Amino acid sequence: MSKKPPGPIKESWGATFLLLRCTIANLQNASAMDASHINSDRNAEARLLDLIDAAYAMGEDPDWIERFFDEAHTYIFNASDGWRLASDLPAYGPPDPAIARHEARILRLSGRGGSAEDMHSSLHVRATNDALARIMIDARGNVRWMNKAASEWLGITAATRISDLPLDPISLGHIREALAKMREGIAPQGSLHPMMRDHDGHSTLGVLRMVLTDDEPTLALSLTDVVWTDERVARIARALSLTPREGDVLRGMLEGLSQREIAERSGKSVDTIKAQAKALLARTGLSRMSDLVLLATSVTLLDDGAQTVTDKPDLSELENSPARLGPGALMAMPDGRELEYRTFGAPKGRPIVFFHALQLGPFFPPSFERALIKANLKIIAPSRPSFGRTSAALKDENYNRTVVDDTLRLIERLDLRNPLFMVHQGGVSHAYRVAAHMQGNLRGMVMIGAGIPIEEDYIREMNKMTRLAAIAVLHTPSVFDLISKLGIRHWRSTPQGPRKYLENFYKDHPIDLAELDDPEIFPLLKAGLFHLTDQGTKALRLDGVAAMEDWSADYHAVTTRTEWLHPAECPVMAVKFVDAFLRKTSNTPLTVLEGTGYHVLYDRQDEVLDLIKRAADWPMGD
């Protein structure tokens with residue numbers, strides 16, 4: 001190899017190079033390579049060596065990410081600007097363990113998961129005013145990070161081990177028990193425990209949940225320390241339509257009392273309190289008390305809860321407010337998973353279910369939300385499995401089915417009658433799969449920059465990074481894992497990372513590139529990146545496969561009324577392909593918006609709002 005090996009791994013370079021050669025030999029045995037169609041003087045072996053060489057240089061060069069993606073593109077297409085899959089590419093089949101070992105080694109060398117910034121961003125706690133106290137603990141019992149609220153509640157500025165946390169022995173025992181289960185492969189999914197400060201005996205409720213930070217299991221402890229005033233409890237009780245007695249039981253739970261203590265305080269029997277607690281869960285549609293406590297706490301502390309407890313939101317409060325980018329509400333699913341969802345607009349407005357894109361998440365500008373309220377519209381935006389805080393599908397192969405089940409369950413639980421579907425970009429295949437189960441109960445669908453079933457010709461019109469991901473996820477899963485994990489690790493490692501990634505993504509698209517300087521749009525783009533990657537690379541991989549699969553049968557199975565809005569400068573799906581597809585398959589109206597591209601949802605709000613307002617008035621059965 002002509003390139004000089006990077007310094008940090010110089011001593012092990014010989015072993016690494018030998019491993020590379022063995023990897024290449026294994027890949028060559030897996031598939032006969034036809035050299036007659038090679039477009040350059042580098043065959044697949046040489047291109048893979050260059051790609052992994054570039055990967056090992058991570059962190060040495062500020063322009064590393066651009067070179068790395070160039071090498072990945074060249075490896076897959078045998079040209080830096082190609083679009084056809086290289087004919088000499090080995091048939092990988094399942095992910096290759098040799099490449100996975102390189103990936104793991106590079107991530108360790110780059111300080112995998114070790115920075116406070118990564119821990120901070122991994123649970124949507126990047127906002128400096130986060131009111132929930134949160135602590136992140138790795139499987140070995142090391143305290144990796146705590147936010148300001150946790151530091152203030154505990155009365156310490158830092159901690160190294162869980163034994164450094166000023167909690168009483170019983171509280172620490174709950175944490176150690178959760179860590180032990182996590183090491184056994186059993187993921188704590190929101191167990192609720194009292195947590196008491198050792199020095200003054202003050203107690204609150206703690207929720208223990210396993211999360212993934214860069215694919216590494218981590219225990220998240222959230223402390224729901226809220227002063228539950230009569231007004232706050234009354235607001236929650238009204239929002240959940242509780243009886244006065246149920247409200248009293250809820251207050252006791254929120255204050256960390258046991259059922260026996262609640263019974264003693266209220267003069268009721270323990271059996272009565274147990275029955276009322278079960279009624280609380282049945283009324284809210286939740287399966288665990290920890291979910292109910294978190295829901296009530298979120299409504300009180302987080303901006304997302306502000307409109308769930310009032311029928312008439314004050315528009316003046318939204319006039320100069322930033323976009324709401326924090327956590328959404330959580331809904332327990334029958335399979336033990338959790339679904340995160342957000343709501344925007346009028347609390348009792350006409351329902352619109354939003355299917356988010358891959359890279360752009362379920363977030364809207366404040367101006368858009370104000371317009372929704374004025375139009376009496378309500379957007380309900382669930383996050384798909386492995387996005388945001390929604391639990392992963394129990395099996396990867398059931399990803400698409402899980403999306404359908406989650407969405408139908410959400411619609412049922414929230415009693416969304418005759419909703420409109422609002423579909424953004426890559427959410428389109430999922431929207432059609434869900435719509436096929438709602439014939440007769442769906443008002444219609446509106447498509448915002450949405451894709452169509454993929455054919456080979458479409459790929460060459462995609463922008464470079466989209467093309468790379470689209471092909472790699474199907475044909476080279478090992479290389480896809482390598483480029484996605486390293487790419488995500490790189491841009492999440494510094495505060496400037498998201499901006500640099502987006503600059504590279506839009507470098508050939510001046511319309512979208514210019515909007516990185518828009519103070520209303522850029523925070524939404526950044527939030528979308530974290531929403532995609534907070535649980536690692538699984539969402540990127542599985543949702544990418546879902547988009548690339550042939551979902552034309554789902555498309556043809558749906559007959560509900562639909563309208564399409566598409567940007568003329570879309571860098572992912574060229575408008576000419578959408579136009580030709582719709583002309584061939586339906587009489588669906590298509591509106592093409594000039595002068596806009598990837599961010600059409602954000603920079604052409606008037607046209608988007610006009611469409612959804614009209615569609616919300618469509619008569620059923622059209």
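Got a sec? Which helices (runs of 4 or more DSSP H) wholly within the stretch 224-278 have at least 2 residues that are at pLDDT 80 or above and not assigned by TED's automatic domain parsing to the domain that holds Arg197? Can you show your working first?
On the way: elements: 230-239, 244-254, 259-266.
Hits in the stretch 224-278: 244-254, 259-266.
Does any residue of the stretch 574-586 turn out to be closer than 26 Å to Leu482 by Cβ and surrounded by fewer than 21 Cβ atoms within 10 Å (Cβ to Cβ)?
no
Here is a yes/no grid of residues against (1) surrounded by fewer than 16 Cβ atoms within 10 Å (Cβ to Cβ); (2) of a type in the set (Lys, Arg); (3) without any contact (Cβ under 8 Å) to a residue 24 or more places away in the chain:
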| position | (1), (2), (3) |
| --- | --- |
| Met146 | no, no, yes |
| Trp153 | no, no, no |
| Leu165 | no, no, no |
| Ile170 | yes, no, no |
| Gly173 | yes, no, yes |
| Ala178 | no, no, no |
| Arg183 | yes, yes, no |
| Leu192 | no, no, no |
| Val207 | no, no, no |
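Kindly provide the set of residues from the stretch 160-183 that are more than 29 Å from the chain's Cα centre (by Cα), not acidic (Asp, Glu) and not in a loop (DSSP other than H, G, I, E, B), ordered by number.
Arg161, Ser163, Leu167, Pro169, Ile170, Ser171, Leu172, Gly173
Have a look at Gly528, Gly595, Gly544 and point out the one that is in contact with a Leu (Cβ under 6 Å, 6 or more places away or on another chain) and touching a residue at least 12 places away in the same chain (Cβ under 8 Å).
Gly528
Output the helices (runs of 4 or more DSSP H) that fall wholly within the stretch 403-504 and possess 1 or more residues being at pLDDT below 75 and over 24 Å from Asp617 (Cβ atoms), or say none.
Counting at least 1 such residues, we get 456-459, 464-475, 477-492.
Being touching a helix residue (DSSP H, G or I) at 6+ places or on another chain (Cβ under 6 Å), over 17 Å from Leu529 (Cα atoms) and in a helix (DSSP H, G or I), is that true of even one residue in the stretch 332-354?
no
So, of the residues in the stretch 537-555 that are over 15 Å from Val434 (Cβ atoms) and not hydrophobic (A, V, I, L, M, F, W, C), which turns out to be modelled with the lowest pLDDT?
Within the stretch 537-555, the match that is modelled with the lowest pLDDT is Thr537.
The conditions are (1) crowded, with 17+ Cβ neighbours inside 10 Å; (2) at pLDDT below 85, and Gly336 fails exactly one of them. Which is it?
Unmet condition: (1).
Going by what's in this entry, would Arg417 be described as in contact (Cβ under 8 Å) with a residue 24 or more places away in the chain and among the basic types (Lys, Arg)?
Working: in contact (Cβ under 8 Å) with a residue 24 or more places away in the chain: yes; among the basic types (Lys, Arg): yes.
Yes; evaluated as a whole, the condition is true for this residue.
Given (1) under 14 Å from Val446 (Cβ atoms); (2) outside any helix (DSSP H, G or I), identify the lone condition not met by Gly621.
Evaluating Gly621 over (1) under 14 Å from Val446 (Cβ atoms); (2) outside any helix (DSSP H, G or I) leaves (1) as the failure.
Testing Gly621 on (1) assigned by TED's automatic domain parsing to the domain that holds Arg443; (2) at positive phi, one condition comes back false. Which one is that?
(1)
Would you call Ala381 among the aliphatic types (A, V, I, L, M), in a strand (DSSP E or B) and closer than 22 Å to Gln535 by Cα? So that I can check it myself, show each step before the final result.
Working: among the aliphatic types (A, V, I, L, M): yes; in a strand (DSSP E or B): yes; closer than 22 Å to Gln535 by Cα: yes.
Here the answer is yes, as Ala381 does meet what is asked.
Do we find a residue being hydroxyl-bearing (Ser, Thr, Tyr) and either under 17 Å from His356 (Cα atoms) or touching a Lys or Arg at 6+ places or on another chain (Cβ under 9 Å) (or both) anywhere in the stretch 564-585?
Looking for residues that are hydroxyl-bearing (Ser, Thr, Tyr) and either under 17 Å from His356 (Cα atoms) or touching a Lys or Arg at 6+ places or on another chain (Cβ under 9 Å) (or both), one finds none in the stretch 564-585, hence no.
Looking only at the stretch 562-585, decide whether some residue is within 20 Å of Pro351 (Cβ to Cβ), in contact (Cβ under 8 Å) with a residue 40 or more places away in the chain and acidic (Asp, Glu).
yes
This table checks each residue for (1) surrounded by fewer than 23 Cβ atoms within 10 Å (Cβ to Cβ); (2) touching a Phe, Trp or Tyr at 6+ places or on another chain (Cβ under 9 Å).
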site: Thr402; (1), (2): no, no
site: Asp405; (1), (2): yes, no
site: Glu412; (1), (2): yes, no
site: Leu416; (1), (2): yes, no
site: Leu420; (1), (2): no, yes
site: Ser429; (1), (2): no, yes
site: Met438; (1), (2): yes, yes
site: Met447; (1), (2): no, yes
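The values are calculated or read from the model by the stated rules, or taken from the named source; none is laboratory data. For clarity, every value in this text was computed on a predicted model and none was experimentally measured. Positions of Cβ are generated from backbone atoms using ideal geometry, with glycine treated the same way; all protein chains shown enter the neighbour counts.
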